[in-house]
Amino acid sequence: EVKVGVFFRAEHHTPSSPSQRGLISEARYTAMVGTQEEFKEQMRAAWQVENALSAERIIWLSDGAPENWLLASSLCPQAVQILDWCHAVEAGMRCARLLFGDSDTCLPLWKQRIENALATDNVESLISELRECRQLTEVLKEQDSLDDLLRYYETNKHRMTYGTFRQNGWLIGSGAVESAHRHVIQTRMKKAGQHWSERGARQMAKLRAAYRTAGPKRFHTAIKWAYKTSVRAKPHIPEPHKPDLRKLKLRAA
């Protein structure tokens, strides 16, 4: 599994407006193929390079995956955690489609109610209404779906005060990370007919993150410097000792 993280400072982010999309002018990307624990160490290194813990305020924006919140609590417990807006709304719509079907006229009304409640920090009211819906159905499948949604909202309600987040000028959507998956990883590693070994994929993911962080010119300069340094150092590196297998055989005999 490929994991991607994006670090950027407030001064490098231009908020979206009715006439244009938001823009991040400078960011640090981390990307890797591996386990969550490996990704944690890579994220920790990026935190240290950015000196992020000295920031006045840190915002951790993510989807609802529990491992991402565990990662946030481990690396930066003082961060303000925000659940991605689209994931919060889509969780409610998955439940609605199971309750009413994919083409029912109630779906737009259900979505509007969820969005209005979330946008005005009325998460508790939304949870209360969903509990009332839970009491009105006796179908086990529908009850399970509502239970899952209630559990999801209850767990993340402190991460869903979107009205307050917007007033503070904070991002509530994880579009930067979704975009990073495309321009950091997919544009290079998902070309037609490509196949990657695990070792090759690990190396390329790290290279792509470095390339998108530094930009083409700085990335090329760094690669050139690393190559020249390795060439100059090579004569001073002792050759690995190669045992004489013939002598070893004689001694064994």
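In a reduced charge model with +1 at each Lys and Arg Cβ and -1 at each Asp and Glu Cβ, the stretch 1-40 shows a dipole moment near 120 debye about its Cα centre.
Can you tell me what share of the DSSP beta bridges in the chain is antiparallel? A percent to the nearest 5 is fine. Among the beta bridges of the chain, antiparallel pairing accounts for roughly 70 percent. In the context of the full protein assembly, Thr164 retains an accessible surface of approximately 60 Å², using a probe radius of 1.4 Å and ignoring ligands and nucleic acids.
With a Förster radius of 25 Å applied to the beta-carbon distance between Ser74 and Lys206, the computed FRET efficiency rounds to 0.70. Tell me, how many Å apart are the Cα centres for the stretch 16-41 and for the stretch 58-125? Cα centres, the stretch 16-41 to the stretch 58-125: 20 Å. Rolling a 1.4 Å probe over the protein chains gives Cys76 an accessible area of about 0 Å². Only protein heavy atoms count here; under a 1.4 Å probe, Arg166 has an accessible surface of about 120 Å². Over the chain, with a Gaussian network built from C-alpha contacts below 10 Å, which listed residue (Asn51, Asn122, Asn68) shows the highest mean-square fluctuation? Result: Asn51 has the largest fluctuation of those listed. In this structure, the amide hydrogen of Trp60, modeled 1.01 Å from its nitrogen in the peptide plane, lies closer than 5 angstrom to those of Val80, Gln81, Ile82, counting only residues at least 5 positions away or on a different chain. With Rh defined as the Kirkwood radius, the inverse of the mean 1/r over Cα pairs, the Rg/Rh of the chain is 1.13. Ellipsoid fit via the Cα gyration tensor, the stretch 73-189: semi-axes of 28, 19, 14 Å, each the root of five times an eigenvalue, largest first. Considering only Met160, Leu146, Leu126, and ranking their Cα positions along the charge dipole of the stretch 105-162 that arises from unit charges at the beta-carbon of Lys, Arg, Asp and Glu, the one farthest toward the positive end is Met160. Heavy atoms of the protein chains alone define the surface here; on that basis the chain has 66 Å² accessible area per residue at 1.4 Å probe size. In this structure, the pairs whose alpha-carbon distance is over 25 Å, taken from Lys157/Lys206; Lys3/Lys141; Lys3/Lys191; Lys111/Lys141, are Lys157/Lys206; Lys3/Lys141. Looking at Phe39, Asn51, Ala214, which one has the Cα that reaches farthest to the positive end of the dipole of the chain (charges on Cβ: Lys, Arg +1; Asp, Glu -1)? The residue sitting farthest along the positive end of the dipole is Ala214. Backbone phi angles across the stretch 75-91, fed through the Karplus curve with coefficients 6.51, -1.76 and 1.60 (θ = phi - 60°), yield HN-Hα couplings of 7, 8, x, 8, 5, 7, 8, 10, 7, 3, 3, 4, 5, 5, 5, 5, 4 Hz in residue order; Gly and Pro are listed as x.
The values are calculated or read from the model by the stated rules, or taken from the named source; none is laboratory data. Because the structure is predicted, anything quoted here is derived from the model rather than measured. Don't worry about glycine lacking a Cβ; one is built from the backbone with ideal geometry, like all the others, and counts go over all protein chains shown. Heads up: the accessible areas ignore ligands, DNA and RNA and are worked out on the full protein's heavy atoms, side chains in. Shrake-Rupley method; radii C 1.70, N 1.55, O 1.52, S 1.80 Å.
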